Amino acid sequence: MFWQPVFCSHELPPARALPIRILGEDLTLYRGEGGSAHVIGFRCAHRKTQLSIGQVEGDCLRCFYHGWKYDGSGQCVEQPAEPKPFSEKIRIPGYPVNEYLGLIFVYLGKGKPPPLPRYPKLESREMSLDPVRLDRICNYFNNIDNSLDNAHVRFVHGRHRETARDEIVKGDPVISVEESEWGIRRFVKYPDGKAITAYFGMPNINYLNGQVVDAEIKRADLLVFKVPVDDENHIHFEVRAIPFTGEHAREWLQRRREKRATEAANRAALVTEVLQGRLHLNDIDPNRTDYVMVEDEIAQTGQGKIPDRSDEHLGRSDAGVIFLRKIWQRELRALAKRQPTKNWTYRPDMIPTYPDT
Amino acid sequence: MFWQPVFCSHELPPARALPIRILGEDLTLYRGEGGSAHVIGFRCAHRKTQLSIGQVEGDCLRCFYHGWKYDGSGQCVEQPAEPKPFSEKIRIPGYPVNEYLGLIFVYLGKGKPPPLPRYPKLESREMSLDPVRLDRICNYFNNIDNSLDNAHVRFVHGRHRETARDEIVKGDPVISVEESEWGIRRFVKYPDGKAITAYFGMPNINYLNGQVVDAEIKRADLLVFKVPVDDENHIHFEVRAIPFTGEHAREWLQRRREKRATEAANRAALVTEVLQGRLHLNDIDPNRTDYVMVEDEIAQTGQGKIPDRSDEHLGRSDAGVIFLRKIWQRELRALAKRQPTKNWTYRPDMIPTYPDT
Amino acid sequence: MFWQPVFCSHELPPARALPIRILGEDLTLYRGEGGSAHVIGFRCAHRKTQLSIGQVEGDCLRCFYHGWKYDGSGQCVEQPAEPKPFSEKIRIPGYPVNEYLGLIFVYLGKGKPPPLPRYPKLESREMSLDPVRLDRICNYFNNIDNSLDNAHVRFVHGRHRETARDEIVKGDPVISVEESEWGIRRFVKYPDGKAITAYFGMPNINYLNGQVVDAEIKRADLLVFKVPVDDENHIHFEVRAIPFTGEHAREWLQRRREKRATEAANRAALVTEVLQGRLHLNDIDPNRTDYVMVEDEIAQTGQGKIPDRSDEHLGRSDAGVIFLRKIWQRELRALAKRQPTKNWTYRPDMIPTYPDT
């Protein structure tokens, strides 16, 4: 099992509880009055009421229906209406939580969790982090599959590149891939000799550099997590290292977050209308902060929420896709046979590169 | 079988037909031009068109598609396009109907219906009746279960009580229950000696007193019916005895009904948003006439539309819930074995009480 | 198999691709830059992305995801990212297309298609054609069943007739039917001696005359196709021969199409509200261009999206319905036994008639 992000830190204020769904599980996420985030079971053990509608008190969460109170480990600590409380016998699930890079990570595996992987370059004090949660309406593997697919960029992101005047790399690249301690290292070479290095981290992480963000930020390190919600939905988490700090960064982030809130509210509806033929990609504002995601969502959900992958016709340009699926299959086979799986580890020298100009 | 309310009398004007769904059955409710309410089958026998889109004529209902006409018993009485009509051979279901306390009651059982139970105190000429239909989006038993649950009031209705300055009873009560000819008699005793008596009538009636209605009405008798629609929906009917009559009552009722129409249109959406974490109970106007129902709906639908009751952890404060379930189980077992069930009967001395101040 | 209309010609501009669903199949409809319409498979053979989100180039369609290009026969002709393209081995379905009477017809059968049936009178240069696509929310057979049902007109279309002052025929008619080379010929005789002739063409065509269109057009030839989408939806295509041409016709058609676009957007919602009892037919504007369809949709969807036809009670006035079902059953039985079915053929002398005044 792996640590997985489930929410953005800045979207969960103190004393707020929320229902979340991740990896097919309904859970309760809350932040105590003191600031610690916790993830516990979805329902109260008493009468099965969903706990997210309850009240945060200190570092605990009290059920809305009859006031049973739980701590962040899922231990019941109060049963106010009971003449003889038996709360010490009542425990619901509770999971280890860690906040890092502006994301709330949870470990849903059994036993002691492994250490949370760290990405030292993203901890640099010369950069600020812009974490974002993008809800997606297709199976997460459509998005995983897209991770090493350099051939789609020219077609799917043509309008974004034109709008953003993203002209550093040009032409059809040659891609080569190799397995690493963390996943897959990818070299992408362009006709004029420029080259890109990018890293895929198992099972669902992409670490790259280069996408034009706005007129000011021509390139930035970008760490992506593609996390399943259920069979037909996933969340695409991104952490972007923006190259300034202080007041400048605060203002830039605030503007961006306000714009995003509006965009997030209609992204799924716009994508659905494009897929139903009532709208065309060209009808959507290319200056949206999520425009690259809109393009990807149209291409990926356009494959079907759960595509029939038995009937594809892959070619040489799909070398990255094929390589990635082989590693997943090898690991899943090992898991099915209860054999050991590879101990995937990020190494601090795995730093994505992008041509300067 | 029991008489069950299916609609409010004042919501069905003369010459109006409506589709209704109750106890898992689709039915047609209409009121003749002369004022009598009728409940007949959902579809015309001819080509199966739903009859509610038809035209009321006198005390009959004419099908929209080819004009077959039915009386209130479900007997076909006209087939206008037929050269040799055979309407005497055509009959769809028709059910006994009674209007009482501002509600339309139907008997869906077979054979001759029992007399409609009467509640003499609510027939008093010194009071007016305020009947209301509240559509609910969870299984009816979540609501039945809540009937004898005094422990939830402090947590679920805290905000209503604060807004309404409902301070007559205070502290955690001690509840005792006993079976009666009608269902369950409940005594609730508060630390300062004040006491409440309330009655549960089998299978789905609550008769109580005391909830603060508005600044004017500090307490009122309240008769509640919790009627299944289907597995995931039910209707909560309430009849409240308001303590004035004449023009005063007419104006009060009209204002209240206008306010309710707006509220009913968005209640389910607000509750759903609270359960999805996009809204909090505190974001909802506590002066809504249905605010107590909003609080209950959040707690009860928050258990899941059909909760897994096999996995609860009940305590002593659930004595009422447990007692009620035992009686239901006993009666259902008898029904399953085709043994006689108890002949539940309301007695006019079963009058709920509440402390005066 | 039969040629079936799938779209209106004027609704598909050059260089536009759209997803369509017809006869239970998802397909891609597009019009090349030169003006030819094509119908090919729904998804790209490469990674199964839906092709309607792609780009029309010349007479071909290019996939949005990786740019594979297909011609109108479904043959892949380009794989831009492939160093060694293998496009000659890639073919998705492609179907014969014909545009006629303002409709786009497709032949989904195997092998060489039969010639597209022609209706010479509708090719007259003294008339203009007004083709329209009406999306319907019930099984297509509810609508097929309605084709020979003259008894419904008086009840279902009473409000339209009143609004349109449609008074040419009056009273209850006597209907007689006989099988023809094309389907069923129908004679309808009114009490005052006036008579109507109309034609049903197998499997799903109605050819009639007479419905009042507006204050100017008292009667017009009308050719109708009732085409299944899936079990619970169908499309009702109509081609109306309006009795003028040139600028007059252009203006009339433009006004009508603008009005229709608004109407189409809420027709299903209005019908659904009528069926749910929240609205009444009388609340809907009878001057809508689709008002006759609204009336039919309420009656037909009011039978249920897929009615239980085993439980009907048919009479003599259903002679047309019964006759039509018998022919369908005979043909379907033959098809099931792999016996030859009748070779249904339109003959140019099958011209519907209607009394002049």
Inset, instruction - Could you please tell me which pairs satisfy a Cβ distance under 8 Å, a separation of 6+ or placement on different chains, a first residue in the range A:8-21 that is farther than 13 Å from B:Arg278 by Cβ and away from chain B (no Cβ under 11 Å), and a second residue that is at pLDDT 95 or above and in a helix (DSSP H, G or I)? - result: A:His10/A:Arg257
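State which residue is nearest to B:Pro352 (Cα to Cα) when the search covers only the range B:88-125 and only residues that are within 14 Å of chain C (Cβ to nearest Cβ) and crowded, with 18+ Cβ neighbours inside 10 Å.
Kept after step one, since they are within 14 Å of chain C (Cβ to nearest Cβ), are these residues of the range B:88-125: B:88-93.
With the extra rule that they be crowded, with 18+ Cβ neighbours inside 10 Å, the set shrinks to B:90, B:92.
Numbers: B:Ile90: 48, B:Ile92: 42 Å.
Result: B:Ile92.
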Legend entry - the range A:142-158, residues that are of a type outside the set (A, V, I, L, M, F, W, C) and crowded, with 17+ Cβ neighbours inside 10 Å: A:Asn142, A:Asn143, A:Asp145, A:Asn146, A:Ser147, A:Asp149, A:Asn150, A:His152, A:Arg154, A:His157
Inset, instruction - Mind listing whichever residues of the range A:56-70 are at negative phi and in contact (Cβ under 8 Å) with a residue 24 or more places away in the chain? - result: A:Val56, A:Glu57, A:Asp59, A:Cys60, A:Leu61, A:Trp68, A:Tyr70
Inset, instruction - Inspect all residues belonging to the range A:265-284 and state whether any of them is at pLDDT 95 or above, farther than 30 Å from C:Asp26 by Cβ and more than 14 Å from every other protein chain (Cβ to nearest Cβ). - result: no
Inset, instruction - For the range B:179-192, state whether one or more residues are at pLDDT 95 or above, over 21 Å from the mean Cα position of the chain (by Cα) and among the small types (Gly, Ala, Ser). - result: yes
Inset, instruction - Filter the range A:61-87 down to the residues that are more than 10 Å from chain B (Cβ to nearest Cβ) and assigned to a strand (DSSP E or B), then identify the one that is nearest to B:Val271 (Cα to Cα). - result: A:Leu61
Inset, instruction - Identify the single condition in (1) within 14 Å of chain B (Cβ to nearest Cβ); (2) touching a residue at least 24 places away in the same chain (Cβ under 8 Å); (3) surrounded by fewer than 19 Cβ atoms within 10 Å (Cβ to Cβ) that C:Thr163 does not satisfy, given that it satisfies every other one. - result: (1)
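This table checks each residue for (1) in contact with a Lys or Arg (Cβ under 7 Å, 6 or more places away or on another chain); (2) touching a residue at least 60 places away in the same chain (Cβ under 8 Å).
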{"site": "B:Glu181", "(1), (2)": "yes, yes"}
{"site": "B:Pro191", "(1), (2)": "no, no"}
{"site": "B:His236", "(1), (2)": "yes, yes"}
{"site": "B:Ala269", "(1), (2)": "no, no"}
{"site": "B:Thr272", "(1), (2)": "no, yes"}
Inset, instruction - With respect to C:Pro307, determine if the residue is of a type outside the set (Phe, Trp, Tyr), within 14 Å of another protein chain (Cβ to nearest Cβ) and either closer than 17 Å to C:Val156 by Cα or touching a residue at least 24 places away in the same chain (Cβ under 8 Å) (or both). - result: yes
Legend entry - Every residue from the range A:95-126 that is more than 24 Å from A:Glu247 (Cα to Cα) and among the aromatic types (Phe, Trp, Tyr): A:Tyr95, A:Phe105, A:Tyr107, A:Tyr119
Legend entry - Residue selected from the range B:295-304 under the condition in contact with a strand residue (DSSP E or B) (Cβ under 9 Å, 6 or more places away or on another chain) and facing chain A (nearest Cβ under 7 Å), by the criterion surrounded by the fewest Cβ atoms within 10 Å (Cβ to Cβ): B:Gly304
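The values are calculated or read from the model by the stated rules, or taken from the named source; none is laboratory data. Bear in mind the structure is a predicted one, so any value in this text is a computation, not a measurement. Note that each Cβ is placed from the backbone with ideal geometry, even for glycine, and that neighbours are counted across all protein chains shown.
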